[in-house]
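I have placed the structure first, in the form of structure tokens, so that the comments after it can refer back to it.
None of the figures in this text is laboratory data; all of them are computed from the coordinates on show. The shown structure was predicted, so the numbers you read here are calculated from the model rather than taken from an experiment. Here the Cβ is made from the backbone with ideal geometry for all residues, glycine too, and neighbour counts use every protein chain on show.
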Amino acid sequence: MNFIRFVKGSIQLFFRGTKTYYAWLLFLFVLIVWGAGGYAGQLRDGLITTNMRDSVSWAFYIGNFTFLVGVAAAAVMLVIPAYIYNWKPIKEIVIFGELLAVCAVIMSIAFIVVDIGNPMRFWHMLPILGTMNFPYSMLSWDFFFLLAYLIINFVVVSHLLYAIFYKKEYRKKMVLTIVFISIPMAVGIHTVTAFLYNALPARPFWNSALLAPRFLASAFCSGPAILLILFQILRKITNFEIKDEAIWRIAELMVYAMFIYLFFTIAELFKEFYSGTQHLLYWKYLLFGIGDNKELVPYSWLSIGMGFAAFILFLIPKTRKNFVTLNIGTVLIYSSVYVEKGIALIIPGFTPDVLGQIYVYTPSMTEIRTAVLIFSLGSLLFTFLVKVAIAIIFENYNIGSIRGKEESVRIQA
């Protein structure tokens with residue numbers, strides 16, 4: 001009964017807010033309707049409405065899936081200093097990292113659903129109920145890790161909010177145990193995602209032992225970048241107090257991740273260009289183009305430029321602790337990783353194809369609208385969850401007052 005009251009009180013918070021809050025919800029609702037129209041066309045006519053073909057069978061959907069898995073894994077950047085080292089400034093805000101992880105995993109699974117065409121095929125990815133082809137299918141391993149990571153983060157954040165809701169101490173032993181499990185799981189979800197690419201020997205562009213470490217390093221850049229922007233917005237529009245010290249520390253951790261990411265990338269480029277094998281063809285297509293086909297060249301160098309500029313801004317303490325340059329850096333690193341995962345990772349792996357042909361892929365309007373649908377639904381869920389968390393933790397919203405009214409009515413009766 002206590003948990004039911006907690007859920008009811010939380011849902012009531014969804015419908016309370018300022019005009020800005022309702023305007024944001026309306027904006028997301030419009031995007032959801034627009035995106036749903038595109039996905040409805042894909043359900044009606046099939047994947048032919050996308051620009052994916054035999055030559056490029058993974059594309060925009062899988063790129064977004066890979067990016068969001070990285071965002072979900074980045075929650076560990078807050079979990080380790082908060083719970084393992086008990087650092088209080090970050091411990092106060094780690095819940096938002098876990099909420100972001102929950103929403104990111106849900107969105108990444110949604111991209112799998114839209115990519116497989118008929119959503120009924122997703123039935124076969126469900127453990128026990130479906131035929132996952134476990135343990136031979138790498139996708140089944142990936143889904144297993146994602147589902148486990150989703151459950152872990154949801155249990156932790158629900159228990160913490162529930163304990164604060166009833167002004168109780170959370171079960172430290174249980175939470176710490178789950179947190180210790182979540183750390184290797186966070187590494188595992190992006191590692192297994194990288195193994196999806198490594199498991200395709202016919203695609204030499206992805207056959208690198210550094211792919212999984214590069215995935216993790218880029219994830220520890222893009223995920224915290226979202227949180228840095230979120231924390232500053234929350235400080236402006238709510239009574240939520242976040243210490244500058246916590247923001248500076250997260251930014252400092254991002255510097256280390258960016259350095260490792262750049263180092264791995266340089267090491268990979270040296271190996272490919274110094275050896276000069278036939279497999280260099282895919283990197284040439286990405287960075288310089290092949291003949292007249294230079295479609296990806298601007299995007300690849302834009303991603304590299306934005307990533308390097310963000311690294312410089314975060315590396316220098318003066319610019320890292322200036323909110324203007326800090327925000328510029330967060331936008332740059334987020335955009336850099338998104339372009340790298342969405343375009344510079346997927347397309348070169350298929351181009352040229354096994355017959356040496358170059359199929360110029362660009363996302364169709366159906367793919368763009370479907371992606372907007374998923375991101376809008378994820379943003380809506382994240383908005384609701386953050387609103388509940390802020391109300392319970394920082395605005396001292398006593399959902400228990402609802403409980404008190406119910407108790408008084410019961411006593412009077």
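Where Rh is the Kirkwood radius over the Cα pairs of the range 22-398, the temperature 37 °C and the viscosity 0.692 mPa s, what D in µm²/s does Stokes-Einstein return?
Translational diffusion coefficient: 151 µm²/s.
Net charge near residue 266, counting Lys/Arg +1 and Asp/Glu -1 over other residues with Cβ under 15 Å of its Cβ?
Surrounding charge for residue 266 is -1.
Report the charge-dipole magnitude of the chain in Debye, nearest 20, computed about the Cα centre from +1 at each Lys and Arg Cβ and -1 at each Asp and Glu Cβ.
So the dipole magnitude of the chain works out to roughly 1360 debye.
How many lysine pairs are close in the range 215-326, with Cα atoms under 21 Å apart and the two 8 or more places apart or on different chains?
5
Can you classify the range 13-151 as rounded, prolate or oblate using the Cα gyration tensor, where a ≥ b ≥ c are the square roots of its eigenvalues, rounded means a/c under 1.5, and otherwise it's prolate if a/b beats b/c and oblate if not?
Oblate is the answer for the range 13-151, as a/c is 1.5 or above yet b/c matches or exceeds a/b.
What is the chain's relative contact order, in percent, from Cα pairs under 8 angstrom and six or more apart in sequence? Write down the numbers at each step before the final one.
Values: 510 pairs, mean separation 119.8, N = 413.
In percent, rounded to a whole number, it is 29.
Specify whether the C-alpha gyration tensor of the range 302-393 places it in the rounded, prolate or oblate class, a ≥ b ≥ c being the square roots of the eigenvalues: rounded for a/c under 1.5, otherwise prolate if a/b is larger than b/c and oblate if not.
Since a/c reaches 1.5 but b/c is at least a/b, the shape of the range 302-393 is classed as oblate.
List every DSSP H helix in the chain whose Cα atoms extend 15 Å or more along the helix's own long axis and whose mean Kyte-Doolittle hydropathy is at least -1.0.
The answer, listed by residue number, is 2-13, 19-45, 60-73, 94-115, 138-165, 172-198, 211-237, 244-275, 297-315, 323-339, 365-393, 400-412.
How do 166, 282 rank when sorted from fewest to most other Cβ atoms within 10 Å of their own Cβ?
The order, fewest Cβ neighbours first, is 166, 282.
Mind ranking 54-62, 212-220 by how tightly packed they are, going by the mean number of other C-beta atoms within 10 angstrom, highest first? Before the final figure, lay out the partial values.
Working: 54-62: 19.3, 212-220: 24.1.
Result, highest mean Cβ count within 10 Å first: 212-220, 54-62.
Just add up the charged neighbours of residue 244: K/R +1, D/E -1, any other residue whose Cβ is under 11 Å from the Cβ of residue 244.
Net charge around residue 244: +2.
By counting other Cβ atoms within 10 Å of each Cβ, how are 313, 381 ranked from fewest to most?
381, 313
Can you sort 160, 210 so the residue with the fewest Cβ neighbours within 10 Å comes first?
Taking fewest neighbouring Cβ atoms as first place, the list is 210, 160.
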